[in-house]
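*Asks:* One structure is given below, represented as structure tokens, and several questions about it will come after.
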Amino acid sequence: MNFRQAYWDEPLLMEKRSGPDSAIDLEDLVPAKIRRDQLAIPNLSEHDVVRHFTRLSQMNFGIDTGFYPLGSCTMKFNPKFTEELAALPTVARIHPDQDESTVQGALRVLYELQDLLARIAGMNAVTLQPAAGAQGEYTGLLLAQAYHRERGEERHEVIIPDTAHGTNPASAGMLGFDLIEIPSKDGRVDLKALEAAAGPKTLALMLTNPNTLGIFEEHVLDIAQIVHDAGGLLYYDGANFNAILGRTSPGKMNFDIVHFNLHKTFTTPHGGGGPGAGPVGVKKPLEPFLPVPVIGLNGRGYHLNYDRPKSIGKVRAWYGNFALLVRAYAYILRMGGDGLKEVSDRAVLNANYIRHRLAGVLDVPFGGLRKHEFVASAAKLAAERGVRTVDLAKRLMDFGYHPPTVYFPHLVEEALMVEPTETETKETLDGFVEALKKIVKEDPETLHSAPHNTAVARVDEVQAAREPILSWRTLKSRKPLS
Amino acid sequence: MPSDEDEMLREMGLRSVDDLFADIPSAVRISKLDIPDGLPEDRVVARVTSMLAANRTVVDMPTFLGGGLYDHFVPASVRAVVSRSEFYTSYTPYQPEISQGLLQALWEYQSLICELTGMDAANTSMYDGSTALGEAARMAHRIHGGRIFLIPRALRHNRRAVLANYVLGAGLEVREVDYDRESGMLDLAKLKGSLSPDVCGVYIENPNFFGRFEEQLEEIRAMTNGVLVVGVNPIAQAVVRPPGDFGADIVVGEGQPLGTQMNFGGPLLGIFGCRQQHIRKMPGRVIGLTRDAKGHRAFCMTLQTREQHIRREKAMSNICTNESLLAVAAATYMAVLGSNGLRRVAAENIRRAKELAGAIDKITGFEAPLFHGAHFNEFVVRRKKGYAPVHRALLEKGIHGGLPLTRQLPELSDAALFATTGRHTPEAVQRLLGALEAFR
């Protein structure tokens, strides 16, 4: 496939010619001591501003532009009707401190979404407050700590397999917990290592299933048993939920706590890095500790319940990313139980199909089936031809594909983590496979100097970190880059 | 033509997609999800729209709530820009060559926030103003090492609650500093009494929780060697000297007023900026300026060794997904308004709030603003005979009054926090005043 991204030599907003500052009389409005005389933000025409950002958008690649098999990120189609719903004034123009009687529609959506998510995950209760998966993890660990404390236990060890997402150890670290990382065996949790790690200090095990290699942990019930026997809790990282909808559930696998990534599984758009939404579901014994307020329903209607003496308190100022929650709610109604099962069926089929077609092109370490994603390795290519994963990734862009996740998980050398999602056709998958087949045979120099067809050539990330210039103010105060 | 599914299965030598789930043990299998079957798009739209119609928006009901979120006018161009699907359907810009547009927009956002606040660096966002405060306290501890973080007692309770959960792992103790009962500003004598070598940081807000401008930044800076964290309203910053001028180390704030709707409290935009000397201790994603292989200016995510995917349990924060699209909205908003527009909006907010407070104060039994001195776009209204019945009566008349302060500060249980942005029509204001008159 031929692809050439637009390139505009677009100046910074601050480099554009600004209109004059108009005088404004602040004398009676702001005390002299703190009054500001000048603000160095350019005065531009609205047309120029819209043109500026439109040009920038043309130098960006979204899932509406092309195939985006970014492993662990579930870049599926974002349905347009949910965008229309989220823009309704009945969503956008309500204040979170409004009296409950004036926001019954919003509270009902939250209440029903909690219920749907709980059913999907096999959990008993859900909080919608966390803003993203990482905050869901943080919330989940706080809940686990509260649960143990109520039993008079101070537990501070969090067990994490070496395949875990980076947010898992970071969330545990932020809370001051000790991290026990256990090595994998054949791409799966090593039960012996887990047995050795679990004990009276175990707060929780954080696990994603299927794991980041796309492998389903078949011994999940044994894993649960080991952790529960030690008195610990099981935390499910929901980043890979797209693989198992309607086939199994975290609840059925004996997990106690789960976070959902609504911007992955339930397709709220990722917005170039957010906003997302990371609700957390729990089993009954953990329900009393959920953040306040909890959305309730009684004879007078839906209400916000703050009277929760055992609650961990709050992790966000209000009730969660409501405009995203509305989108996810509408998506779940649209798909239904039947449709969501088809989602996972097709996501898994697509991943296994690409893996099958790449046999002989790239190695895929560890045997067995894959779920919604798989991790290939370019180690052999690197050893034989000096072509590394980074080169394959950069070259894929020249063919109009966003690269897979690279160099993760760490236990696979020269890793490429491919997650196609269910909304891609066989035609798209075949095109991607053909491009990769062609690329691995190309002259190494073409690959080392890739990409060639994107807005800019390979970016010097080392320079950016060596002398960080994070703003126009800093840039102005320095010598121009030579 | 065979379907995609059939063809793929055939090519893989499989009979059914069930074969691909053979690795899920029967003990954990479920046969289906326990939720209703799917519905066509038109029915979902009709159902959700009618469900939401039970909400009363600020359009239907004059609403005088602020307390951290404000109903500012958002030019249509902002929505047009963030509706570009090249932006909103992209992921975090891990691959800079194909993501220059978003990277430049986010770098411009960082730059504009720095202009507003007088900081050298800003990240691409935190989840909201409250988590930005939580992260700032943690960062103050990383910079200074002390174990105590001081905050104003007059602080929106949801910010305090979130802060409490963010400092747990760092073992920080949060202590409150009371406000001056006359001015509503921080009580400097009390602050002085609270300072000690173990205080890693002091947090103050300008404007503060009462909407009152905090005029003592210079004095507060002089009093402490700890990290000074200032919480701002970004619109007010257009007419107020930036915290950087007063020697602040970190600036945080709720960025929702910059082009994002209230959305029932989310998504929001956590502003986070700091001085250059602190950037390696800053949480969150940041965009840096560099060159490509051909020497063109280019942008990329940088200082990633601070982050969770590299540093794991030693990361500055676990944040990964943030609120980037809202940062693009904020950049667009600031660019569309420009310096002139932002300063005009800020001045108009002050003027309108001043007029409204003056009009309420004229009504017998009401006092507004309760605290003397200059305010931004909100202020405290007190009714000595009790405020609760007023709130209920307003609701019955289809008007939403300010935020009752009972749950925030017990000494203000007869008061409420009223906000206006210049978006209230004269009729809406007259309806409010008329309804308050009935309580004379």
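*Asks:* Given the structure, is residue B:315 more than 9 Å from chain A (Cβ to nearest Cβ) and crowded, with 21+ Cβ neighbours inside 10 Å? Before you say what the answer is, go through the steps one by one.
*Replies:* Details: more than 9 Å from chain A (Cβ to nearest Cβ): no; crowded, with 21+ Cβ neighbours inside 10 Å: yes.
Judged against the criteria, residue B:315 is not a match.
*Asks:* Which residue out of A:205, A:142, A:179, A:194 is of a type in the set (A, V, I, L, M, F, W, C), closer than 30 Å to residue B:304 by Cα and outside any strand (DSSP E or B)?
*Replies:* Numbers: A:205 fails: outside any strand (DSSP E or B); A:179 fails: outside any strand (DSSP E or B); A:194 fails: closer than 30 Å to residue B:304 by Cα.
Testing whether each residue is of a type in the set (A, V, I, L, M, F, W, C), closer than 30 Å to residue B:304 by Cα and outside any strand (DSSP E or B) leaves just A:142.
*Asks:* Which pairs have Cβ atoms under 6 Å, sit 6 or more apart or on different chains, and link a residue in the range B:392-414 that is aromatic (Phe, Trp, Tyr) to one that is not in a helix (DSSP H, G or I)?
*Replies:* Matching pairs, first to second residue: none at all.
Okay, residues lined up against (1) facing chain A (nearest Cβ under 7 Å); (2) touching a helix residue (DSSP H, G or I) at 6+ places or on another chain (Cβ under 6 Å); (3) part of a helix (DSSP H, G or I); (4) at pLDDT below 95:
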{"residue": "B:295", "(1), (2), (3), (4)": "no, no, no, no"}
{"residue": "B:309", "(1), (2), (3), (4)": "yes, no, yes, yes"}
{"residue": "B:325", "(1), (2), (3), (4)": "yes, yes, yes, no"}
{"residue": "B:359", "(1), (2), (3), (4)": "no, yes, yes, no"}
{"residue": "B:369", "(1), (2), (3), (4)": "no, yes, no, no"}
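*Asks:* For the range B:15-59, what are the residues that are of a type in the set (A, V, I, L, M, F, W, C), outside any helix (DSSP H, G or I) and surrounded by 17 or more Cβ atoms within 10 Å (Cβ to Cβ)? Talk me through it step by step, then tell me what you get.
*Replies:* Of the range B:15-59, the ones of a type in the set (A, V, I, L, M, F, W, C) are B:17, B:20-22, B:24, B:27-28, B:30, B:33, B:35, B:39, B:44-46, B:48, B:51-54, B:58-59.
Going one step further and asking which of them are outside any helix (DSSP H, G or I), we end up with B:22, B:24, B:30, B:33, B:35, B:39, B:53-54, B:58-59.
B:24, B:30, B:33, B:35, B:39, B:54, B:58, listed by residue number.
*Asks:* Can you tell me how many residues within the range B:95-124 are within 7 Å of another protein chain (Cβ to nearest Cβ), assigned to a loop (DSSP other than H, G, I, E, B) and under 24 Å from residue A:14 (Cβ atoms)? Steps first, please.
*Replies:* We begin by selecting, within the range B:95-124, every residue within 7 Å of another protein chain (Cβ to nearest Cβ); these are B:95-102, B:104-105, B:108, B:110-112, B:114-115, B:120-122, B:124.
From what's left, assigned to a loop (DSSP other than H, G, I, E, B): B:95, B:99, B:120, B:124.
Checking which are under 24 Å from residue A:14 (Cβ atoms) leaves us with B:99, B:120, B:124.
Counting residues in the range B:95-124 that are within 7 Å of another protein chain (Cβ to nearest Cβ), assigned to a loop (DSSP other than H, G, I, E, B) and under 24 Å from residue A:14 (Cβ atoms) gives 3.
*Asks:* Could you tell me which numbered condition residue A:264 fails, if it satisfies all but one of (1) farther than 29 Å from residue B:134 by Cα; (2) crowded, with 24+ Cβ neighbours inside 10 Å?
*Replies:* So residue A:264 meets the others, but not (1).
*Asks:* State whether the residues of the range A:165-176 include one that is free of Cβ contacts under 8 Å to residues at least 60 places away in the same chain, assigned by TED's automatic domain parsing to the domain that holds residue A:297 and part of a strand (DSSP E or B).
*Replies:* Looking for residues that are free of Cβ contacts under 8 Å to residues at least 60 places away in the same chain, assigned by TED's automatic domain parsing to the domain that holds residue A:297 and part of a strand (DSSP E or B), one finds none in the range A:165-176, hence no.
*Asks:* Oh, and also: Hey, could you check the range A:434-465 for residues that are basic (Lys, Arg) and more than 9 Å from every other protein chain (Cβ to nearest Cβ) and say which is surrounded by the fewest Cβ atoms within 10 Å (Cβ to Cβ)? Write out each step before concluding.
*Replies:* Start the filter on the range A:434-465 by keeping residues that are basic (Lys, Arg), which leaves A:437-438, A:441, A:458.
Imposing the further condition that a residue be more than 9 Å from every other protein chain (Cβ to nearest Cβ) reduces the set to A:437-438, A:441.
Details: A:437: 14, A:438: 11, A:441: 8.
Taking the candidates together, the pick is A:441.
*Asks:* Please go through (1) within 21 Å of residue B:113 (Cα to Cα); (2) of a type outside the set (S, T, N, Q); (3) more than 24 Å from the chain's Cα centre (by Cα) for residue A:55 and return the number of the only condition it doesn't satisfy.
*Replies:* Going through the list (1) within 21 Å of residue B:113 (Cα to Cα); (2) of a type outside the set (S, T, N, Q); (3) more than 24 Å from the chain's Cα centre (by Cα), residue A:55 breaks only (1).
*Asks:* When only residues in the range A:288-316 that are at pLDDT below 95 and part of a loop (DSSP other than H, G, I, E, B) count, which is surrounded by the fewest Cβ atoms within 10 Å (Cβ to Cβ)?
*Replies:* A:299
*Asks:* Name the pairs whose Cβ atoms lie under 7 Å apart, with the first residue in the range B:215-226 and of a type in the set (Lys, Arg), the second not in a helix (DSSP H, G or I), and 6 or more positions between them or separate chains?
*Replies:* Taking only residues 6 or more apart or on different chains, the pairs are B:221/B:228; B:221/B:247.
*Asks:* Turning to a different aspect of this structure: Quick check on the range A:398-433: of everything there that is in contact (Cβ under 8 Å) with a residue 60 or more places away in the chain and within 9 Å of chain B (Cβ to nearest Cβ), which residue is nearest to residue B:99 (Cα to Cα)?
*Replies:* Ranking the candidates gives A:402 first.
*Asks:* Continuing with this model, one more query. For the range B:195-219, name all the residues that are of a type in the set (Gly, Ala, Ser) and surrounded by fewer than 17 Cβ atoms within 10 Å (Cβ to Cβ). Write out each step before concluding.
*Replies:* Filtering the range B:195-219 down to residues of a type in the set (Gly, Ala, Ser) leaves B:196, B:201, B:211.
Within the range B:195-219, B:196 is the sole residue that qualifies.
*Asks:* Okay, next question. Got at least one residue in the range B:237-254 being of a type in the set (D, E, K, R) and more than 9 Å from chain A (Cβ to nearest Cβ)? Please lay out each step first, then the result.
*Replies:* Within the range B:237-254, the first condition is being of a type in the set (D, E, K, R), and the residues that meet it are B:241, B:245, B:249, B:254.
Remaining after also requiring more than 9 Å from chain A (Cβ to nearest Cβ): B:249.
So far as the range B:237-254 goes, yes, one or more of its residues are of a type in the set (D, E, K, R) and more than 9 Å from chain A (Cβ to nearest Cβ).
*Asks:* Kindly establish whether residue A:363 is in contact with a helix residue (DSSP H, G or I) (Cβ under 8 Å, 6 or more places away or on another chain) and not hydrophobic (A, V, I, L, M, F, W, C). Working first, answer last.
*Replies:* Numbers: in contact with a helix residue (DSSP H, G or I) (Cβ under 8 Å, 6 or more places away or on another chain): yes; not hydrophobic (A, V, I, L, M, F, W, C): yes.
When the stated conditions are applied, residue A:363 passes them.
*Asks:* Let me ask something else. Could you please find all residues in the range B:383-422 being out of contact with any Ser or Thr (no Cβ under 7 Å at 6 or more places or on another chain), surrounded by fewer than 17 Cβ atoms within 10 Å (Cβ to Cβ) and assigned to a loop (DSSP other than H, G, I, E, B)?
*Replies:* B:384, B:385, B:386, B:397, B:398, B:407
*Asks:* Within the range B:321-342, track down each residue that is surrounded by fewer than 24 Cβ atoms within 10 Å (Cβ to Cβ) and either touching a Lys or Arg at 6+ places or on another chain (Cβ under 8 Å) or not hydrophobic (A, V, I, L, M, F, W, C) (or both). Walk me through it before giving the result.
*Replies:* Residues of the range B:321-342 surrounded by fewer than 24 Cβ atoms within 10 Å (Cβ to Cβ): B:336, B:338-341.
Once the filter is applied, which keeps residues that are surrounded by fewer than 24 Cβ atoms within 10 Å (Cβ to Cβ) and either touching a Lys or Arg at 6+ places or on another chain (Cβ under 8 Å) or not hydrophobic (A, V, I, L, M, F, W, C) (or both), the range B:321-342 yields B:338, B:339, B:340, B:341.
*Asks:* Which condition does residue B:132 not pass, out of (1) small (Gly, Ala, Ser); (2) facing chain A (nearest Cβ under 7 Å); (3) part of a helix (DSSP H, G or I); (4) crowded, with 24+ Cβ neighbours inside 10 Å, if it passes all the others?
*Replies:* (2)
*Asks:* Also: Got at least one residue in the range B:201-221 being over 28 Å from residue B:69 (Cα atoms), over 18 Å from the mean Cα position of the chain (by Cα) and either modelled with pLDDT of 95 or more or not in a loop (DSSP other than H, G, I, E, B) (or both)?
*Replies:* Applying the first criterion (over 28 Å from residue B:69 (Cα atoms)) to the range B:201-221 yields B:219.
Next, from what is left, pick out any that are over 18 Å from the mean Cα position of the chain (by Cα): B:219.
Going one step further and asking which of them are either modelled with pLDDT of 95 or more or not in a loop (DSSP other than H, G, I, E, B) (or both), we end up with B:219.
Yes, the range B:201-221 contains at least one residue that is over 28 Å from residue B:69 (Cα atoms), over 18 Å from the mean Cα position of the chain (by Cα) and either modelled with pLDDT of 95 or more or not in a loop (DSSP other than H, G, I, E, B) (or both).
*Asks:* Assigned to a strand (DSSP E or B), in contact with a helix residue (DSSP H, G or I) (Cβ under 7 Å, 6 or more places away or on another chain) and not hydrophobic (A, V, I, L, M, F, W, C) - does that describe any residue in the range B:338-345? Walk me through how you get there before you give the answer.
*Replies:* Filtering the range B:338-345 down to residues assigned to a strand (DSSP E or B) leaves none.
Taking every residue of the range B:338-345 in turn, none turns out to be assigned to a strand (DSSP E or B), in contact with a helix residue (DSSP H, G or I) (Cβ under 7 Å, 6 or more places away or on another chain) and not hydrophobic (A, V, I, L, M, F, W, C).
*Asks:* Now for a different question. Given the conditions (1) within 12 Å of chain B (Cβ to nearest Cβ); (2) out of contact with any strand residue (DSSP E or B) (no Cβ under 6 Å at 6 or more places or on another chain), and given that residue A:224 satisfies all but one, which numbered condition is not satisfied?
*Replies:* All conditions are met except number (2).
The values are calculated or read from the model by the stated rules, or taken from the named source; none is laboratory data. Small disclaimer: the values here were computed from a predicted structure and weren't measured. Neighbour counts are summed over all protein chains in view; Cβ atoms, including those assigned to glycine, are modelled from backbone coordinates with ideal geometry.
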